[in-house]
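Note sheet for the following structure.
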Amino acid sequence: MTIFIIGAVLLGIITGSFLQSSGINIDISQIACLILYFLIFCVGLDLGKNRKIVQDIQQLGTKAFLIPFNVAVGSILGSALFGLFLKLPFNEASAIGAGLGWYSFSSIIIAQTYSVEIAALAFLTNVAREILTIILIPILAKNKNSSLLIAPGGATTMDTTLPLINKYGGRQAAILGFINGFILSLLVVILVPILIKL
């Protein structure tokens, strides 16, 4: 699966380069959104078929809320520490980490309120996080640890990486992933504007 994903990305790069040089203009973002919505719908169908979903959520208990808390703290502190090596101020490094994989929102907010250059860095960092998550999920799934499977994805576990989490981690991991992504998406909206202004 990992080889297939990397191959698909490389094929996309080659095809995109060909289309660009040929002058063919296709709105990829709309096509990607439709495919993503269909995948999430399929995951929802799979979850909805299970009548024990409420019991599953109750069994997860505080774990469902501890995972997003730990992911948020780890992402922000990790980015701040790495920022020291790059000589980035705390507010810039922490705000980039607070994007939690949601590259579109975090980069736009940073560009509008702070700096286009830091917004570009936030965009690239969070896109790289999503790509690495897609590559790592099949590998991490071997440990049979749903927390380890969910953590790298950050906010994307509610959408783009949810189908993979469902495939490799099963129904319970998908429920955890959705809750994690939902909570982290709310935190991104709060944390990025606050941290960038410190």
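I'd like the full set of residues that are within 16 Å of residue 119 (Cα to Cα), polar (S, T, N, Q) and either surrounded by 23 or more Cβ atoms within 10 Å (Cβ to Cβ) or under 19 Å from the mean Cα position of the chain (by Cα) (or both), limited to the stretch 72-96.
79, 94
Here's a check for you: in the stretch 120-145, which residue that is among the polar types (S, T, N, Q) and surrounded by fewer than 24 Cβ atoms within 10 Å (Cβ to Cβ) is nearest to residue 189 (Cα to Cα)?
For the stretch 120-145, the residue satisfying everything is 125.
Could you grab the pairs with beta carbons closer than 6 Å, sequence gap of 6+ or different chains, first residue in the stretch 102-119 and buried (at least 20 other Cβ atoms within 10 Å of the Cβ), second one not in a helix (DSSP H, G or I)?
Cβ pairs passing all conditions: 106/99.
Residue-wise test of (1) hydroxyl-bearing (Ser, Thr, Tyr); (2) surrounded by fewer than 24 Cβ atoms within 10 Å (Cβ to Cβ); (3) touching a residue at least 60 places away in the same chain (Cβ under 8 Å).
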| site | (1), (2), (3) |
| --- | --- |
| 155 | no, no, no |
| 169 | no, yes, no |
| 175 | no, yes, yes |
| 184 | no, no, yes |
| 189 | no, yes, yes |
| 192 | no, no, yes |
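Every number in this text was worked out from the coordinates using simple rules, so none of it is lab data. Predicted model, so just to flag it, every value in this text is computed and none were measured. Ideal geometry is used to build each Cβ from the backbone, glycine not excepted, and the neighbour counts take in all protein chains shown.
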